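Heads up, the thing below is written out as structure tokens.
Please treat every number below as a calculation from the coordinates, not as lab data. Remember, it's a predicted structure, so these values are computed and weren't measured experimentally. Glycine also receives a Cβ, built like all others from the backbone with ideal geometry; neighbour counts cover every protein chain displayed.
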């Protein structure tokens, strides 16, 4: 079975009702599609993986990633998609290391989208459209700001991708812009 966006969205909604988790999934989907486009990869596939990466998080937080693997396997999803989803939790809730470029992008940007979202929501404009890398880096340094975001995961992800943190932040912001309306980050 080759999943499409509609079946991925239905599956996501079957296991998740949280509005914030939905918006996060849309942000990560948008970022994954952006990175895929930049590297000449399959945007639909990368987007679907971004969309479902936290499939099990709401219902099974203590089995995050492993439950997704089970759910996706039962439904005949390709192993490549399952590996990517499980690897985004490497070192946190999974021992599956990201090995493919796509997996490294997901690993590096998952937490980062959360930090960027928080940075947008405290701006007067409440818009990602005018968010700068400098602004995100300022928030990055304040460890009490969005304290749940594991900055070491983002740093490790940037290292895996062999890019500077500022470049990763810039590319992630650009990727998130495409979903700004849907995620509530388009501004006042």
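Among 176-184, 21-29, the peptide with the highest mean count of other Cβ atoms within 10 Å heads the list, and the full ranking is 21-29, 176-184. Computed over Cα pairs, the Kirkwood radius of the chain leads via Stokes-Einstein (0.692 mPa s, 37 °C) to a diffusion coefficient of 200 µm² per second.
Show me the ranking of peptides 47-56, 159-168 by mean Cβ neighbours inside 10 Å, starting with the highest.
The peptides rank, most packed first, as 47-56, 159-168.
Pairing the Cα long axis of helix 43-52 with the longest principal axis of the chain, what angle in degrees results, from 0 to 90 and rounded to the nearest 10? Around 90 degrees separate the two axes.
The modelled label-to-label distance for the pair residue 14/residue 59, using points 7 Å beyond Cα in the direction of Cβ, is 0.8 nm. Output the 0 to 90 degree angle, nearest 10, between the alpha-carbon long axis of helix 19-38 and the longest principal axis computed from the alpha carbons of the chain. Approximately 90 degrees, to the nearest ten. Pairs of Cα atoms in region 30-69 fall into 5 Å distance bins, from 0 up to the last occupied one, in shares of 6, 28, 21, 13, 16, 12, 5, 0 percent.
Rounded to the nearest 0.05, what FRET efficiency do residue 138 and residue 95 give with R0 = 41 Å and r taken as the Cβ-Cβ distance? Could you check?
0.75
Note: relative contact order over the chain, using C-alpha pairs below 8 Å and six or more positions apart, is 24 percent. When peptides 78-88, 2-12, 107-117, 140-150 are sorted by average Cβ neighbour count within 10 Å, with the highest value leading, the order is 107-117, 78-88, 2-12, 140-150. To the nearest 10 degrees, how steep is helix 101-121 against the longest Cα principal axis of the chain, on a 0 to 90 scale? Tilt of helix 101-121: around 40 degrees.
So if R0 is 35 Å, what FRET efficiency would residue 37 and residue 123 give, r being the distance between their Cβ atoms, rounded to the nearest 0.05? Calculated transfer efficiency: 0.85.
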